[in-house]
Amino acid sequence: MKISIKKKINSNIENGFTLIELVVVIAGLAILSGISIPGIISYIKLAKIDEAKAIMNGYISDCLGQYRISTDPNSFYSNARPEDFDEVKLATLGYKAEGKNTKCSRTALVPIDKKDNLLYSFDYRISSEGKVLKTGTPAGQRSLNSCRAWAGSNCDLSPEKAAEFAAAAALAAKKNKCLNAYTKWKVDNGDGSTTTWNNETNKCDKSVWLFDGTPVADQAAYDALVLQKYGTLCQEWKEQKQQSGYISKKDDDGLGIGETITECNKTKYWFHSGEPPFSSQVAWNEFNLKYQEQACNQSKTKAINKNHKGSFVYGPHKIPSPPCGRSVYLCKGTEYQTEDEYKKTPCYTPPASAGPKPKPDRCANVRISRFCSSPFFKNTYDCRCAPGGIWRR
């Protein structure tokens, strides 16, 4: 019995595995590796994404800490950055910063390999009010859950939602710029009128007044303080400018130049055609534009009253606002936009047709010889121009 078992084992060893058995084993190993290796790679990448998200949450915590101790939210929005931002560390995770978006107002990460089918872009924003907003764009279905874990419903934004966020960011930047300018003017002991952010219009058009760096209610309150400090000299100066119809000078860009005197506490004013003094360049420019447009329209009325015919250019101002500087054609009070239209009107006179060209005078510069009276010389070149000669007949 023992001998037979030994013989059977020796027989199997000598025979070995068949080719079919080897193929089946190799195919099985290939299937197992095809299933397990991509899964392992995906697991590693998702772990890197989670680590990158943890780093970004650390940046958010750092930025919010800076926001809490900041005395100027607008300065925070413009300048604050995560103190521990590390491009080298992020690179080991397959990420880099998106352009210059490394501020607390927005920090954005994108995959170093743009063709990666798992790593995805994500970011956060912190507003000047201290609110945090997270967004992300998944690379595909496999990264969708990870993206949603970061940004929730703000993952994979629709074009409309993305445009809404972009508009909100642009508005926040304008507001921040406006408030920074006002704060700087105030800190520099600003005096007179300026503008700051208007939450009702979402524009930098709210008029504010400061007297020696201190806010006051309105222009009337400001004028009262100036009067108290300097007497009536400032008011008399403004009235004289207004009554004379004086117009403030303009700079190279056509914008009004403000003027002041010492007694007006350095506050600038803009004057125009007897109107009450303007307290800002913006208000003066708006009025000046309408004034010029009106003058250009009046120039056409004057031309029609004088029965002007033909080409006409709206004047006297050549400003980039219709109708000034526009060239048209006039006929009996009607305006035509093109010369072809004008040529069809009774005002158009075609140019006179040119007649035949006069023959050149061959004798214009010929000096007549005294020998031309002789019959022997009458047919010579010079004598042909003599009285009775061939060219004089």
Problem - Qualifying residue in the stretch 231-249 (condition: part of a loop (DSSP other than H, G, I, E, B), surrounded by 12 or more Cβ atoms within 10 Å (Cβ to Cβ), in contact (Cβ under 8 Å) with a residue 40 or more places away in the chain and not hydrophobic (A, V, I, L, M, F, W, C)) - result: no
Fill in the blank from the handout: Within the stretch 87-103, of all residues that are over 29 Å from residue 178 (Cβ atoms) and free of Cβ contacts under 8 Å to residues at least 12 places away in the same chain, the one surrounded by the fewest Cβ atoms within 10 Å (Cβ to Cβ) is 88
Exercise for the section: Considering each of 121, 158, 146 in turn, give the residue that is of a type in the set (S, T, N, Q) and at pLDDT below 90. Expected result: 158
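Quick check: is even one residue across the stretch 145-165 under 26 Å from residue 70 (Cα atoms) and surrounded by 13 or more Cβ atoms within 10 Å (Cβ to Cβ)? Give the derivation first.
Restricting attention to the stretch 145-165, the residues satisfying the condition of being under 26 Å from residue 70 (Cα atoms) are 165.
Keeping just the survivors that are surrounded by 13 or more Cβ atoms within 10 Å (Cβ to Cβ) gives 165.
Yes, some residue in the stretch 145-165 is under 26 Å from residue 70 (Cα atoms) and surrounded by 13 or more Cβ atoms within 10 Å (Cβ to Cβ).
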Problem - Every residue from the stretch 294-325 that is within 25 Å of residue 254 (Cα to Cα), at pLDDT 85 or above and out of contact with any Pro (no Cβ under 7 Å at 6 or more places or on another chain) - result: 294, 298, 300, 312, 313
Handout entry: Selected residue [assigned by TED's automatic domain parsing to the domain that holds residue 103 and basic (Lys, Arg)] from 161, 186
Key = 161
Handout entry: Yes/no for residue 254 being part of a loop (DSSP other than H, G, I, E, B) and farther than 28 Å from residue 221 by Cβ
Key = yes
Practice task
Would you mention how many residues in the stretch 79-121 are under 23 Å from residue 65 (Cα atoms), hydrophobic (A, V, I, L, M, F, W, C) and over 26 Å from the mean Cα position of the chain (by Cα)?
Solution key: 2
Problem - In the stretch 77-86, the residues that are free of Cβ contacts under 8 Å to residues at least 60 places away in the same chain and among the small types (Gly, Ala, Ser) - result: 80
Completion exercise
Conditions (1) modelled with pLDDT under 90; (2) of a type outside the set (Phe, Trp, Tyr); (3) closer than 30 Å to residue 189 by Cβ -> residue 239 fails only (1)
Handout entry: Filter pass, residue 287 being of a type outside the set (S, T, N, Q), farther than 30 Å from residue 329 by Cβ and in contact with a Pro (Cβ under 8 Å, 6 or more places away or on another chain)
Key = no
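Wholly within the stretch 275-356, which strands (runs of 3 or more DSSP E) include no fewer than the required count, namely at least 2 residues that are assigned by TED's automatic domain parsing to the domain that holds residue 192 and in contact (Cβ under 8 Å) with a residue 40 or more places away in the chain?
Correct list: empty, since no element meets the threshold.
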Practice task
Output yes when any residue across the stretch 262-281 is exposed (fewer than 15 other Cβ atoms within 10 Å of the Cβ), within 29 Å of residue 180 (Cα to Cα) and over 30 Å from the mean Cα position of the chain (by Cα), and no when none is.
Solution key: yes
Handout entry: Residue ID - farthest from residue 262 (Cα to Cα), chosen from residues in the stretch 188-226 that are among the β-branched types (Val, Ile, Thr) and without any contact (Cβ under 8 Å) to a residue 12 or more places away in the chain
Key = 201
Exercise for the section: Report yes if some residue within the stretch 149-160 is under 18 Å from residue 42 (Cβ atoms) and assigned to a helix (DSSP H, G or I); otherwise report no. Expected result: yes
Problem - From 206, 229, residue being among the basic types (Lys, Arg) and touching a strand residue (DSSP E or B) at 6+ places or on another chain (Cβ under 8 Å) - result: 206
Completion exercise
How many residues of the stretch 250-274 are among the small types (Gly, Ala, Ser), free of Cβ contacts under 8 Å to residues at least 60 places away in the same chain and more than 25 Å from residue 229 (Cα to Cα)? The answer is 3
Exercise for the section: Determine whether the stretch 51-70 contains at least one residue that is surrounded by 10 or more Cβ atoms within 10 Å (Cβ to Cβ), modelled with pLDDT under 90 and among the polar types (S, T, N, Q). Expected result: yes
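The values are calculated or read from the model by the stated rules, or taken from the named source; none is laboratory data. Keep in mind that what you see is a predicted model, and the values were worked out from it rather than measured. Cβ coordinates were reconstructed from backbone atoms using ideal geometry, including for glycine residues, and neighbour counts include every protein chain displayed.
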